[in-house]
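> Would you mind keeping the following structure in view while I ask a few things?
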Amino acid sequence: MKSKSLNYLIPEMESKSESFAHKTIKHWFYNKILENNPQVIEASLEKYFETRRADVYFKFNTGQEIVVEIQNSPITSKEITLRTKDYNNRGIYVLWVFYGDGKGVGSPKSPHHLKDMKISPAEIRLHQLYRGRVYYVNIQYQEEKFQPTKPYALHFSFSDTFSPILFRKRFDSFFIRNVNYTFIPNWILFCANYGNYKIARFYDRNAKSSLVELLRGFAIRNNIFCNNSFYKIKNTKKFYKLTCNVIEDEYGKNIIIDALIRLIENKNYILNKKYLVKIKKKLNKKVKTKIGKYSS
């Protein structure tokens, strides 16, 4: 089920520089992170750093500093990288969060497994920086007031229908990906160094890692163990078909194949990697390279 945008209900604030949604989410993150991270010794809204202005700022008793960037408006992948590097050069970790119904996303996002969604280049860039996740928050209308939702994470994988290339339609540029939701257990933050970047994030699990664990359980229940290599291809065909029958509607074939290949790294599972790679190549040959009237 796709999220229905509440933007038509959300009033505009007097400030031309900040929307109601941006201001609401910013204050929500400030309060929730402050409440749930007792190590914070300093916190502020609108923290200025010479040419930069962070939406929210925290300093922990470890000396680590974190800024939260709430992204509601369109932004380029280049600007994501530049802004992250700029904070990192000051020794500051960055937590990026997209408003799921905002103008910075390719198509509206919600905490669900969804297929063939538009993903902006900026979302793809954050997916790279965060090693397979992008954080979002939405706004819901309950009890006659607007309330931000709990943040959630989405993992992108290749579509089974469309090519992984960058599509362009009029003035819009986007990728088409399957989207898988992962739960964020709490508001506690930690800092991570991914490559040359200092990233602040939640304690959520990567969707592909969670899928590997799910498939591991399937393999055990279906006794996918055998010492005779003769049964490898037979087992692989059977297990792949079973897996697709159970979870393809949620995940799509591409991520299922990738997870099965990762599962094969455990040599106790008699599955044929070459067969899975062959299936993936056939799948990729069928994808569309033109979007036509696509309007998701």
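No value in this document is a laboratory result; all are computed from the given coordinates. This structure is a prediction, so every number in the text was calculated from the model and none was measured. Cβ placement follows ideal geometry from the backbone for every residue including glycine, while neighbour counts extend to all protein chains displayed.
> Hey, got a sec? Which GluC sites (Glu not before Pro) in segment 47-101 land in a DSSP loop and have at most 14 other Cβ atoms within 10 Å?
Numbers: sites: Glu50, Glu65, Glu69, Glu79; in loops: Glu50.
Answer by residue number: Glu50.
> Between Ser163, Ser110, Ser173, which gets the highest mean-square fluctuation from a Gaussian network model of the chain, Cα cutoff 10 Å?
Ser173
> Tell me the Kirkwood hydrodynamic radius of the chain in angstroms, computed as one over the mean inverse distance between distinct C-alpha pairs. Please list the in-between numbers first.
Numbers: mean 1/r = 0.0478 Å⁻¹.
About 20.9 Å, per the Kirkwood formula over Cα pairs.
> Starting at the first residue of segment 106-118, write each ³J(HN,Hα) from the Karplus equation 6.51 cos²θ - 1.76 cosθ + 1.60 with θ = phi - 60°, in whole Hz, x for Gly and Pro.
Values per residue, Gly and Pro as x: x, 9, x, 10, 8, x, 9, 7, 9, 10, 6, 9, 6 Hz.
> Let me ask something else. Quick one: angle between helix 207-221 and the longest Cα principal axis of the chain, in degrees between 0 and 90, rounded to 10, please.
Helix 207-221 and the main axis of the chain meet at about 30 degrees.
> Report the FRET efficiency, 1/(1 + (r/R0)^6), for Arg221 and Asn193, where r is their Cβ-Cβ distance and R0 is 41 Å, rounded to 0.05.
Details: r = 38 Å, r/R0 = 0.93.
The pair Arg221/Asn193 has a calculated efficiency of 0.60.
> Given charges of +1 on the Cβ of Lys and Arg and -1 on the Cβ of Asp and Glu, with all other atoms neutral, how large is the dipole of the chain about its Cα centre, in debye to the nearest 20? Present the calculation step by step, with values, prior to reporting the outcome.
Values: 52 positive and 26 negative charges, 447 e Å.
I would put it at about 2140 debye.
> Compute the label zone of Phe146 within segment 104-131: residues whose backbone N is under 18 Å from the point 7 Å along Cα-to-Cβ.
104-105, 108-110
> Determine, for Thr161, Thr51, the number of other Cβ atoms within 10 Å of each Cβ, and report the residues in order from fewest to most. List each step's numbers first, then the result.
On the way: Thr161 15, Thr51 6.
Going from least to most buried by this count: Thr51, Thr161.
> Let me ask another. Could you put Asp172, Asp160, Asp116 in order, starting from the residue whose Cβ has the fewest other Cβ atoms within 10 Å?
Working: Asp172 10, Asp160 19, Asp116 16.
Least to most surrounded, the residues fall as Asp172, Asp116, Asp160.
> Another one. Within segment 151-186, report the chymotrypsin sites (Phe, Trp or Tyr not before Pro) that DSSP leaves as loop and that have at most 15 other Cβ atoms within 10 Å. The partial results should precede the final answer.
Values: sites: Tyr152, Phe156, Phe158, Phe162, Phe167, Phe171, Phe174, Phe175, Tyr181, Phe183; in loops: Phe171, Phe183.
The qualifying sites are Phe171, Phe183.
> Stretched out fully, how many nm does the piece from Lys290 to Ala43 gain, at 0.36 nm a residue minus the Cα gap?
Working: separation 247, 0.36 × 247 = 88.92 nm, distance 4.79 nm.
My answer for the length gained is 84.1 nm.
> Continuing with this model, one more query. How tilted is helix 232-251 with respect to the longest principal axis of the chain? Cα atoms for both, answer in degrees (0 to 90, nearest 10).
30
> Rounded to the nearest 0.05, what FRET efficiency do Asn88 and Asp172 have when you use their Cβ-Cβ distance and R0 = 35 Å?
Working: r = 30 Å, r/R0 = 0.86.
So the FRET efficiency works out to roughly 0.70.
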